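Taking it in order: structure first as structure tokens, then the write-up.
The values are calculated or read from the model by the stated rules, or taken from the named source; none is laboratory data. Treat the numbers as computed from the prediction; the structure is a model and nothing was measured. Using ideal geometry, Cβ is built from the backbone for each residue, glycine included, and neighbour counts are taken over all protein chains shown.
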Amino acid sequence: MQITEVRIKLMDEPGERLRAFCSITFDDCFVVRDLKIIEGTSGLFVAMPSRKLTAHCGKCGMKNHLRAHFCNQCGGRLNESRVIKDSDGRTKLYADIAHPINSSCREMIQNHVVEEYQQELERAKSPDYVSRYDEYDAGDFVDADEAEAPVRRMDEAHRTSASNKPHHPPQGDPSRIGVGRPHIGPGDSRGAYLDDSSDRRGDGTAGFGAGIF
């Protein structure tokens, strides 16, 4: 396994021991990010990516950082026995997410990263310098499955047919809409009365109250 690429993000905060973040690529196919280059008492060293250790509250079960004395959820006092200590008796607050398991691999990473860090400092002196560390998040690579994903066709919504439309009454004055006459059998004298009444309403000659008596 070989380190095929190292990307550095320099930190220029004065007074801080953290000098840079970096990512390393193994065999052009596997990337480990968020390694830290730190200024120690004996020089630069590389710290592996890590996470904060937490422990559950004995009362409510909420996770809390090991340095907390009270639960962030219920406010109860946390038991000191939950703290994890290393072989030197110091409280262990962080756990490595990825790390080498032998000294030869650790030295290879250390030497390669520190050498690349020194070169990055020289490149940073250029007025056109731009760090490449964040290019992974900017679409530096494309997943093969995403590149060959089929294009979905968005069809037009199904149009409702005219037969499915709600019924609306005809427009206009309802009082002027014709109403069918009642059925009257042959020889019934009421037919003549209805015809005579309709004629008088149509010509408008009858006075007010005409036809009541």
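Data for the structure
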item	result
Filtered residues of region 5-31 (kept if closer than 17 Å to Y133 by Cβ and part of a loop (DSSP other than H, G, I, E, B))	M11, D12, E13
Among residues of region 41-84, those that are within 30 Å of L121 (Cα to Cα) and either touching a residue at least 60 places away in the same chain (Cβ under 8 Å) or more than 33 Å from the chain's Cα centre (by Cα) (or both), counted	6
Per-region count, region 28-41, residues crowded, with 16+ Cβ neighbours inside 10 Å and either among the hydrophobic types (A, V, I, L, M, F, W, C) or outside the structural domain of D134 (by TED's automatic domain parsing) (or both)	3
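Listed here are the residues, each with its yes/no results for (1) surrounded by 12 or more Cβ atoms within 10 Å (Cβ to Cβ); (2) touching a strand residue (DSSP E or B) at 6+ places or on another chain (Cβ under 9 Å); (3) assigned by TED's automatic domain parsing to the domain that holds S131; (4) at pLDDT below 85.
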{"site": "G43", "(1), (2), (3), (4)": "no, no, yes, no"}
{"site": "N64", "(1), (2), (3), (4)": "yes, yes, no, yes"}
{"site": "R82", "(1), (2), (3), (4)": "yes, yes, no, yes"}
{"site": "R90", "(1), (2), (3), (4)": "no, no, no, yes"}
{"site": "N102", "(1), (2), (3), (4)": "no, no, yes, no"}
{"site": "R106", "(1), (2), (3), (4)": "yes, yes, yes, no"}
